[in-house]
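Laboratory data are not the source of any read-out in this text; all were calculated from the coordinates shown. The model shown is predicted, which means the values in this text are computed figures rather than measured ones. No Cβ is skipped: glycine too gets one built from the backbone with ideal geometry, and neighbour counts run over all protein chains shown.
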Amino acid sequence: KPGAAEAVARGRMPARSEGFFMFDRQRTLRNVVQCTGRGRAHAAVVRVTFKPAPANHGVVFVRVDLHPTARVPASLAAVAGGSFSTSLSHAGVTVAGVSPVLAACAGLGLDNLLIELDGPELPMMDGSAAPFVFLLEAAGVVRQAVPRCYLRVAKPVRLQEGEAWAELRPHPGLHLDYALEFDSPCGERKRRAAAVELSATSFVRDLARARSPLLAPESTDAEGREWLRHKLMSAVGDLSLLGQGLIGAFSGFASGHALHRALLERFLSDPEAWEQVMLAASDEGDSNTDLVNGAEVPELA
């Protein structure tokens, strides 16, 4: 687990303007917003309330249906598995179906949130992040006084299980690409790929609306385009479990949540694979700014 003792990288951020990884300060919601819906495994309607949180709080789920209430952090250490969608568990309390919500928070660059729910899982809707993006944008986003921390990939890290593999490698921004193979209606084996240079703009435009074919069968197309974009959206949520922004490139082939988690664990376990960086906060808004050299960086949540 990276800590404050690790040296802060020296240098400058790449010259980019709209990437959410370029936010110099931490961000949270301006207002409280709420929604209801049904989870995939349970028939009961769940009410979810998104609330602002202070700097360095992180994204934390709260099960308000329990007495006393129980908090479950959105962190790599809390991942409890799930082949369809990521579940988080802490002190025996589980929150299921978090992938679309985590992707929406990460895609909008939200660092600190309190997410209350009165059930064991989040509403899945159509499996996309779009309903949650709409809610969070409606609540408004505010910058906080504390600089945002990042992990920059310093060398390639790759993990393979059978034919599936996933990799992180150095890159000046935040790039994601994903590929899969599937059988076409005519029986031909096809390989398709999709890629995105990630920013808040490209996330909302290209990834947020991508539905899961398991929840929205009408989203299936012969070329697998929406399924590929949905896999990229899910990867955004998985990467957010690092607890900090990422500067680097992610690539995956037929990989899922479990393999992504294992990749991130291997990445963090190798101190030569990453370096912790921080942007100097400016009064002009999120922009290209110098790294804070020699600053103390708080430990990952």
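Taking Cα centre as origin and charging only the Cβ of basic (Lys, Arg, +1) and acidic (Asp, Glu, -1) residues, the dipole magnitude of the stretch 26-146 rounds to 160 debye. Each of His230, His257, His67, His171 has some number of other Cβ atoms within 10 Å of its Cβ, and from fewest to most they run His67, His171, His257, His230.
FRET efficiency for the pair Glu197 and Ala145, taken as 1/(1 + (r/R0)^6) with r the Cβ-Cβ distance and R0 = 30 Å, rounds to 0.55. Working from label points 7 Å from Cα in the Cα-to-Cβ sense, the Ala91 to Ala44 distance is 2.0 nm.
Taking Cβ atoms as reference points and 13 Å as the exclusive limit, the residues near Met124 contribute a net charge of +1, counting Lys and Arg as +1 and Asp and Glu as -1. The modelled label-to-label distance between Glu161 and Lys190, using points 7 Å beyond Cα along the C-beta direction, is 2.7 nm. The fraction of all Cα pairs in the stretch 26-146 landing in successive 10 Å bins from 0 to the largest distance is 14, 50, 33, 4, 0, given as whole percents. Once divided by 2.2 N^0.38 Å, the Cα radius of gyration of the stretch 114-262 becomes 1.12. The ranking of Leu159, Leu151 by Cβ neighbour count inside 10 Å, starting from the fewest, reads Leu159, Leu151. Explain nothing, just the number: relative contact order of the stretch 93-211, from Cα pairs under 8 Å at least 6 residues apart, as a whole percent. The value is 26 percent. 3J(HN,Hα) couplings calculated from phi for the stretch 128-138 with the Karplus curve 6.51 cos²θ - 1.76 cosθ + 1.60 (θ = phi - 60°) are, in sequence order, 8, 8, 4, x, 6, 4, 4, 5, 5, 5, 5 Hz; Gly and Pro show x.
Since only Gly127, Ala44, Ser89 are under comparison, the one whose Cα sits farthest along the positive direction of the charge dipole of the stretch 26-146, derived from C-beta charges on Lys, Arg, Asp and Glu, is Ser89.
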